[in-house]
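Novice: This is the structure, below, for whatever I ask next.
The values are calculated or read from the model by the stated rules, or taken from the named source; none is laboratory data. As the structure is a prediction and not an experimental result, all values here were calculated from the model. Glycine gets a Cβ as well: all are built from the backbone with ideal geometry, and neighbour counts include every protein chain shown. Just so you know, the surface numbers come from the protein's heavy atoms only, side chains and all, with ligands and any DNA or RNA stripped out. Shrake-Rupley method; radii C 1.70, N 1.55, O 1.52, S 1.80 Å.
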Amino acid sequence: MAAPELLSAHGCFGGEQRFYRHDSSAIGLPMRFGVYLPPQAAQGRVPVLTYLAGLTCNEETFAIKAGAQRFAAEHGIALLMPDTSPRGANVPGEADAWDFGVGAGFYLDATEAPWATHWRMESYIVDELLPLAAVELGLDGQRAGIFGHSMGGHGALTLALRHPGRFLSVSAFAPIAAPTRCPWGHKAFSGYLGADRSTWEAHDASALMSKLAAAPFPEGILVDQGLADKFLAEQLYPEAFELACKAANQPLTLRRHAGYDHGYYFISTFIADHVAHHAAVLKRA
């Protein structure tokens, strides 16, 4: 495992916000990621909370816009921020749409050509980036949580459900909670996974949860949703995830907020609650 190249480091709430580049074996291309190391990281290994960003975003978006570092420093938790897709693959059509291809990896491993070669975000995050962060940055990979926004909320929920025990805590902002039912999901899944819809449910958080006989996160899942979100009715389907959690006896706190839209003003308003939600689990582990 080659050491990542440090691109920049910035003092932040007593810790450091860093950005790195490394050669990814899972993706087959250079990848960038951000990490916030709280001041407690200077004294030993700290838990790590991975944030998955939404469509069109990159490894810098959350670090710049969410204001999460203040709360990560208070709780002594590192923040890990991967990019949202491979870049520089030069696949024909990769940048033709804002909701497919570059900036739209959907946190899965594609099976369809030409995407299957490099669009392997699930393997990248779970099998490569988290172990790399543990080894090279001294983070405690055994105390790991995951959260995200929109496409990244979909990623957080599905990766947590698809890899039992890998993540001890999970939350989401305005997740694409039932992608097999919405236009974003149909576009991504048909392109990355193919026309056989029987394969799609393996990457749908509501479908995954509905098949469980027991709650995988007994201490609860936190989801925040703005009611002024223009994507709510057509793309997000939080009610489907709510019903699936109820069927699986999975504790879920789904908070609906009047006046809040899909953007980072919404995320920054409730980010403290999400970091605290994860800290309550990760610091007891």
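Novice: Based on what the data block shows, is Arg143 charged (D, E, K, R) and closer than 22 Å to Ile77 by Cβ?
Specialist: It is true that Arg143 is charged (D, E, K, R) and closer than 22 Å to Ile77 by Cβ.
Novice: Assuming Tyr36 fulfils every condition listed in (1) crowded, with 24+ Cβ neighbours inside 10 Å; (2) touching a residue at least 60 places away in the same chain (Cβ under 8 Å) apart from one, which condition is it?
Specialist: All conditions are met except number (2).
Novice: Let me ask something else. Among the numbered criteria (1) open to solvent by 20 Å² or more (accessible area, probe 1.4 Å); (2) at pLDDT 95 or above; (3) more than 28 Å from Ser268 (Cβ to Cβ); (4) part of a helix (DSSP H, G or I), which one does Leu161 miss?
Specialist: Of everything listed in (1) open to solvent by 20 Å² or more (accessible area, probe 1.4 Å); (2) at pLDDT 95 or above; (3) more than 28 Å from Ser268 (Cβ to Cβ); (4) part of a helix (DSSP H, G or I), Leu161 misses just condition (3).
Novice: Also, quick follow-up: Test Gly191 against the stated conditions and say whether it is open to solvent by 10 Å² or more (accessible area, probe 1.4 Å), assigned to a loop (DSSP other than H, G, I, E, B) and more than 27 Å from Ala63 (Cβ to Cβ).
Specialist: No.
Novice: Take Ala26 and tell me if it is outside any strand (DSSP E or B), open to solvent by 10 Å² or more (accessible area, probe 1.4 Å) and closer than 16 Å to Ala133 by Cα.
Specialist: Taking the combined requirement at face value, the residue satisfies it.
Novice: Quick check on segment 57-95: of everything there that is among the polar types (S, T, N, Q) and farther than 20 Å from Leu157 by Cβ, which residue is most open to solvent (accessible area, probe 1.4 Å)?
Specialist: That would be Asn90.
Novice: Here is a follow-up. Is segment 177-192 home to any residue that is modelled with pLDDT under 95 and among the polar types (S, T, N, Q)?
Specialist: no
Novice: What are the residue pairs meeting all of these: first residue in segment 1-22, first residue farther than 16 Å from Phe62 by Cα, second residue modelled with pLDDT under 95, Cβ atoms under 8 Å, and 6 or more apart or on different chains?
Specialist: His22/Ala2; His22/Ala3
Novice: Based on this model, can you work out whether Leu49 counts as open to solvent by less than 30 Å² (accessible area, probe 1.4 Å), without any contact (Cβ under 8 Å) to a residue 60 or more places away in the chain and in a strand (DSSP E or B)?
Specialist: no
Novice: Can you tell me which residue within segment 110-134, out of those that are aromatic (Phe, Trp, Tyr) and not in a loop (DSSP other than H, G, I, E, B), is least open to solvent (accessible area, probe 1.4 Å)?
Specialist: Checking each candidate, the answer is Tyr124.
Novice: Continuing with the same structure: From Ala73, Ala68, Ala53, Ala97, grab the single residue that is out of contact with any helix residue (DSSP H, G or I) (no Cβ under 7 Å at 6 or more places or on another chain) and over 15 Å from Trp119 (Cα atoms).
Specialist: Being out of contact with any helix residue (DSSP H, G or I) (no Cβ under 7 Å at 6 or more places or on another chain) and over 15 Å from Trp119 (Cα atoms) holds for just one of Ala73, Ala68, Ala53, Ala97, which is Ala97.
Novice: Something else about it: Could you please give the count of residues in segment 164-182 that are assigned to a helix (DSSP H, G or I) and open to solvent by less than 60 Å² (accessible area, probe 1.4 Å)?
Specialist: Total meeting the criteria: 2.
Novice: Residues being part of a helix (DSSP H, G or I) and touching a Leu at 6+ places or on another chain (Cβ under 7 Å): count how many of those fall in segment 70-96.
Specialist: 1
Novice: Right, another one. Those residues that are aromatic (Phe, Trp, Tyr), in contact (Cβ under 8 Å) with a residue 40 or more places away in the chain and open to solvent by 30 Å² or more (accessible area, probe 1.4 Å), I need them from segment 230-263; list them, please.
Specialist: Across segment 230-263, the qualifying residues are Phe231, Tyr237.
Novice: Has segment 99-109 got at least one residue that is part of a loop (DSSP other than H, G, I, E, B) and over 17 Å from the mean Cα position of the chain (by Cα)?
Specialist: No - not one qualifying residue is present in segment 99-109.
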